[in-house]
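What follows is one structure encoded as structure tokens, with my remarks underneath.
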Amino acid sequence: LRMLSESATSLLATDDVDAMLQGLVARFGPFLGVDSYSNYLVNDEGDELRLVSSMGVPDEVASNLRQLAFGQAISGMVALRRQPIYAPRIQQSDDPQAQFAKALGIRACICNPLMSENLLLGTLSFASRSRDQFEPDELNLLATISQYVSIAYERLRLLNKLRDADRRKDEFLATLAHELRNPLAPLRNMLEVMKRSSGDDALVMQA
């Protein structure tokens with residue numbers, strides 16, 4: 001319960017989900033035997049996953065997994081089905097979708113979809129090289145943390161929308177002020193001429 005509370009507090013108070021995930025896994029990883037994770041988000045076109053954060057994955061391997069098609073590997077299948085996939089005893093598995101994880105020496109993995117209502121945001125996988133399986137309560141804990149991550153991403157998405165709307169408002173007001181100043185300049189000049197006309201009616205009429 002303390003771990004969940006700390007996770008929620010941390011994720012909902014940060015704008016850097018990557019750094020926070022690194023800290024969370026470092027904190028609860030030893031307790032659960034989790035030594036790696038990978039976090040994918042759906043790309044702007046909505047047809048592919050892109051790796052945004054990971055730990056325990058060698059750089060040369062991660063570079064080959066920067067993009068995943070829906071249906072590719074475990075994370076891609078989770079994105080396609082929008083359902084969690086739990087893969088215990090991976091080193092004994094012949095499942096083609098688990099071969100990436102098997103090659104990395106991973107023995108157990110749970111991958112959850114990151115959802116905001118019906119919108120797929122991405123996927124979050126937790127893996128262990130020291131355990132062949134997770135217990136049901138541990139799977140529930142990791143699923144809850146994944147839900148917190150979904151909420152954190154949705155919060156950031158809404159904040160970015162608000163910031164974008166605020167920026168557009170500022171741009172509109174700046175444009176409006178500029179457009180108002182342009183016609184006001186000759187009016188200001190006219191009033192100055194009238195003030196200095198010293199009763200010259202013709203000059204006032206011309207102004």
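Just a few scattered comments:
- Filter pass, ALA165 being among the aliphatic types (A, V, I, L, M), part of a helix (DSSP H, G or I) and open to solvent by less than 50 Å² (accessible area, probe 1.4 Å): no
- Any hit, the range 20-35, residues being of a type in the set (Asp, Glu), open to solvent by 50 Å² or more (accessible area, probe 1.4 Å) and more than 21 Å from LEU139 (Cβ to Cβ): no
- Of all residues in the range 88-96, at least one satisfies being at pLDDT 90 or above, over 15 Å from the mean Cα position of the chain (by Cα) and crowded, with 20+ Cβ neighbours inside 10 Å.
- Residues that are among the hydroxyl-bearing types (Ser, Thr, Tyr) and at pLDDT 90 or above, drawn from the range 37-74: TYR37, SER38, TYR40
- If you check SER125, SER75 for being crowded, with 20+ Cβ neighbours inside 10 Å, touching a residue at least 60 places away in the same chain (Cβ under 8 Å) and touching a Cys at 6+ places or on another chain (Cβ under 6 Å), only one passes: SER125.
- Boolean, VAL149 is touching a residue at least 12 places away in the same chain (Cβ under 8 Å), β-branched (Val, Ile, Thr) and more than 27 Å from LEU114 (Cα to Cα): no
- Residues satisfying the stated conditions in the range 128-149, i.e. open to solvent by 10 Å² or more (accessible area, probe 1.4 Å), within 18 Å of VAL42 (Cα to Cα) and among the hydroxyl-bearing types (Ser, Thr, Tyr): TYR148
- Output for the range 47-65, where each listed residue is under 21 Å from SER146 (Cβ atoms), open to solvent by 40 Å² or more (accessible area, probe 1.4 Å) and part of a loop (DSSP other than H, G, I, E, B): none
- For the range 99-118, a residue qualifies if it is part of a helix (DSSP H, G or I) and surrounded by fewer than 20 Cβ atoms within 10 Å (Cβ to Cβ), and the qualifying residues are GLN99, LYS102, ALA103.
Condition check ((1) of a type outside the set (Ser, Thr, Tyr); (2) at pLDDT below 85; (3) out of contact with any Ser or Thr (no Cβ under 6 Å at 6 or more places or on another chain)) across all residues:
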residue: ARG155; (1), (2), (3): yes, yes, yes
residue: LEU162; (1), (2), (3): yes, yes, yes
residue: LYS169; (1), (2), (3): yes, no, yes
residue: PHE172; (1), (2), (3): yes, no, yes
residue: THR175; (1), (2), (3): no, no, yes
residue: HIS178; (1), (2), (3): yes, yes, yes
residue: ARG181; (1), (2), (3): yes, yes, yes
residue: ALA185; (1), (2), (3): yes, yes, yes
residue: ASN189; (1), (2), (3): yes, no, yes
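- Of the residues making up the range 78-87, those that are buried (at least 19 other Cβ atoms within 10 Å of the Cβ) and under 14 Å from LEU119 (Cα atoms) number 2.
The values are calculated or read from the model by the stated rules, or taken from the named source; none is laboratory data. Every value quoted in this text rests on a predicted model; they were computed, and no experiment measured them. Virtual Cβ from ideal backbone geometry, glycine too; neighbours counted across all protein chains shown. The protein model used for the area step is the full one, side chains on, heavy atoms only, and it has no ligands, DNA or RNA in it. Shrake-Rupley method; radii C 1.70, N 1.55, O 1.52, S 1.80 Å.
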